[in-house]
Amino acid sequence: MSGATVREIVLPDRGALARAVAERIMELSQQPGDGPLTIALSGGSTPKALYETLSRPPFVEAVAWPRLELFFGDERAVPPDDADSNYGLAARTLLAKIPSPVHRMVAESGEAEAYEHLIRGRIHKRRAEIPVFDLIFLGVGDDGHTASLFPGTRALEERERLVAMNEVPQKNTRRMTFTYPLINAADRVWVLISGAEKRDIVGRLREKRAQDDASFPILRVDPSAGELVWWLDAAAAGTPRRGT
Ligand code: 6PG
């Protein structure tokens with residue numbers, strides 16, 4: 001690990017976590033700057049609370065949505081109306097209510113090169129020839145996977161391609177996913193972790209982090225020049241809930 005300092009921000013509960021992250025997105029969207037604010041959304045169920053918070057006042061009015069350009073960091077090989085679709089969850093809870101341009105990751109096509117080409121065409125800021133996202137959201141699974149970078153899978157070792165199809169035997173499926181070169185070039189990487197079910201893996205990750213042991217996939221997320229923030233609620237962080 002090159003040592004991007006992981007900053008942990010712990011909020012009392014899932015709702016407070018969603019509101020805190022929504023506030024930061026609103027602030028980022030209102031900062032002056034030329035060109036779009038490029039954001040890659042994560043998958044799984046954790047982002048649902050954030051999407052719902054962003055889709056309601058004050059954020060649905062206050063975020064400068066036309067400045068945002070949205071992508072996906074990974075996707076299951078299913079159509080958008082499938083219950084497993086990361087795009088589908090975002091579309092139902094947020095995307096239908098905002099005007100931001102969105103680039104669905106068409107994982108069922110298997111065309112990872114096409115999505116990489118799209119990213120290279122839309123994002124002009126570069127770090128060592130790699131497109132730099134303003135913000136990449138990630139989650140973490142109870143095996144320490146992130147995006148669709150699962151333990152023991154081939155995409156973990158990908159150093160050239162920025163987007164890859166990855167066979168995931170643990171899920172008996174294949175998925176499309178960002179790879180570490182693209183993730184670690186970002187200006188900001190925010191990992192959203194909530195719920196008591198994540199407490200065990202968070203504890204194990206903290207131990208491994210302290211030993212500088214990047215054996216879990218999420219611990220190889222290490223942006224060379226960007227910020228790395230783990231946003232947790234108290235249930236996942238294992239900290240007693242302060243009186244709210
Ligand atoms: C996916 C995600 C994956 C997810 C974790 C956490 O497509 O499944 O990208 O990396 O973030 O599995 O999932 P939950 O938010 O459902 O706990």
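The values are calculated or read from the model by the stated rules, or taken from the named source; none is laboratory data. Just so it is clear, the model here is predicted, and its values are computed rather than measured. Note that we place each Cβ from the backbone using ideal geometry, even for glycine, and neighbour counts take in every protein chain shown.
For region 4-58, a residue qualifies if it is assigned to a loop (DSSP other than H, G, I, E, B), surrounded by 15 or more Cβ atoms within 10 Å (Cβ to Cβ) and under 15 Å from the mean Cα position of the chain (by Cα), and the qualifying residues are SER42, GLY43, GLY44, THR46.
With respect to GLU197, is the statement that it is closer than 23 Å to PRO131 by Cβ, at pLDDT 95 or above and among the acidic types (Asp, Glu) true? When the stated conditions are applied, GLU197 does not pass them.
Checked against (1) within 13 Å of the ligand (Cβ to nearest atom); (2) assigned to a helix (DSSP H, G or I), GLY141 passes all but a single condition, namely (2). When region 71-106 is filtered for residues that are within 15 Å of the ligand (Cβ to nearest atom) and in a strand (DSSP E or B), the ones remaining, listed by number, are PHE71, PHE72, ASP74, GLU75, ARG76. Checked against (1) loosely packed, with under 14 Cβ neighbours inside 10 Å; (2) at pLDDT 95 or above, THR179 passes all but condition (1). Only one of the listed residues (ALA147, ALA234, ALA186) is more than 19 Å from the chain's Cα centre (by Cα) and surrounded by 17 or more Cβ atoms within 10 Å (Cβ to Cβ). That residue is ALA234. Within region 166-195, take every residue that is in a helix (DSSP H, G or I) and within 12 Å of the ligand (Cβ to nearest atom) and give me the one that is nearest to GLY226 (Cα to Cα). Step by step, filter region 166-195, then rank; the result is ILE183.
Among the residues of this structure, GLY141 counts as one that is touching a residue at least 40 places away in the same chain (Cβ under 8 Å) and within 23 Å of LEU232 (Cα to Cα). Among the conditions (1) more than 12 Å from the ligand (Cβ to nearest atom); (2) assigned to a helix (DSSP H, G or I); (3) in contact with a helix residue (DSSP H, G or I) (Cβ under 8 Å, 6 or more places away or on another chain), the only one that ARG206 does not satisfy is (3).
Regarding LEU17, is this residue touching a Leu at 6+ places or on another chain (Cβ under 8 Å), under 25 Å from THR146 (Cα atoms) and more than 16 Å from the ligand (Cβ to nearest atom)?
no
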